[in-house]
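The values are calculated or read from the model by the stated rules, or taken from the named source; none is laboratory data. Note that this is a predicted model, so its numbers are computed, not measured. Note: ideal-geometry Cβ built from the backbone for every residue, glycine included; neighbour counts use all protein chains shown. All accessible areas refer to the heavy atoms of the entire protein, side chains included, with ligands and DNA or RNA removed. Shrake-Rupley method; radii C 1.70, N 1.55, O 1.52, S 1.80 Å.
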Amino acid sequence: EAQAVADVLKQPETTLNTLSQCILNVAKLRVSLEEHAELADDESGRLKLKNSVDGLLETVEVFRRTLGSGLDRLVSQAKPRLRAQMDSTLGAADVSFEVSEQEYAASCGGDADQFIWALLDLCETCIREGSEKLDLDNAGQIGLRVASFVAKGIEHAVVSKRFTQFGALLLDKQLRDVVRFFDGRYGLEARQRFRRLQQIVDLLNLDRVEDVHDVYTDSSSGLAPVEVKRVLAFRTDFRTEDIKRLKM
């Protein structure tokens, strides 16, 4: 029995769960010390308690960095599979978004959707494998880290493509499926991981170059003005002259 306990304690998931609980406990202790400091009768007592609180803040920061590093390491084990899936589907050279209206209609529910379904199935598997021994909070962080990696992977694929209007519409449909998957599990914080990518897709789906300010107001989305013009240039039907004339 002692050996079994020792083996469990060696598991990284046990360490991460313990760190997570320590952060909560230290936070509670900090609140308690701050309350006592307010009630202390003498300046010396208040100063000692304040120094203790400062020390706890440093301890929590170390715990958080260590926890974050451990969670990153767990997710890194899934990244090669996720990257290979995205590179072989959305990122593959023979996957084109220069599609006609007829091709768009035919693709809905077809191979293009299957790319996304296969990716989301793999995401679910990777999240389950990475978080099955973690507490609820840490499991959620695994999911959010996978969301961030997928968002960056899709963006990497997107910027190597050219788009017709219906190709952009197809990408928008696929992204909605991906965001819905993560949103249903992790909510607003997951949606924020896709904010930059969503801005790119919104730009690609404009009817006219001149409509850019309907979807882009400033760089809060993570896109700089020069990147906005670069994204617009991915559309096969947008003229270079019109893009250059834009006032951002």
In segment 53-73, residue surrounded by the fewest Cβ atoms within 10 Å (Cβ to Cβ) [restricted to those that are closer than 19 Å to Arg30 by Cα and of a type in the set (D, E, K, R)]: Glu58
Unique match (being charged (D, E, K, R) and open to solvent by 50 Å² or more (accessible area, probe 1.4 Å)) among Asp214, Asp177: Asp214
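Which residues, taken from segment 50-67, are touching a Leu at 6+ places or on another chain (Cβ under 8 Å) and among the aliphatic types (A, V, I, L, M)?
Val53, Leu56, Leu67
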Number of positions in segment 80-120 that are of a type in the set (Asp, Glu) and either touching a Gly at 6+ places or on another chain (Cβ under 9 Å) or surrounded by 12 or more Cβ atoms within 10 Å (Cβ to Cβ) (or both): 4
Residue in segment 181-190 that is under 28 Å from Leu82 (Cα atoms), of a type in the set (Lys, Arg) and within 22 Å of the chain's Cα centre (by Cα) present: yes
Breaking point among (1) more than 12 Å from the chain's Cα centre (by Cα); (2) within 23 Å of Ala93 (Cα to Cα), for Gln199: (2)
Of all residues making up segment 217-241, the number that are in contact with a strand residue (DSSP E or B) (Cβ under 8 Å, 6 or more places away or on another chain) and buried (at least 18 other Cβ atoms within 10 Å of the Cβ): 2
Residue ranges of helices (runs of 4 or more DSSP H) in segment 8-101 with at least 3 members among the β-branched types (Val, Ile, Thr): 12-39, 43-76
Number of the exception - Arg162 against (1) under 22 Å from the mean Cα position of the chain (by Cα); (2) open to solvent by 40 Å² or more (accessible area, probe 1.4 Å); (3) modelled with pLDDT of 95 or more; (4) not β-branched (Val, Ile, Thr): (1)
Considering residues of segment 180-211 that are among the aromatic types (Phe, Trp, Tyr) and open to solvent by less than 50 Å² (accessible area, probe 1.4 Å) only, the residue farthest from Phe115 (Cα to Cα): Phe194
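Identify, from the list Asp242, Asp202, Asp214, the residue that is free of Cβ contacts under 8 Å to residues at least 12 places away in the same chain and either touching a helix residue (DSSP H, G or I) at 6+ places or on another chain (Cβ under 6 Å) or among the charged types (D, E, K, R) (or both).
Result of the check over Asp242, Asp202, Asp214: Asp214.
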Unmet criterion (only one of (1) outside any helix (DSSP H, G or I); (2) within 16 Å of Gly153 (Cβ to Cβ)) for Leu120: (1)
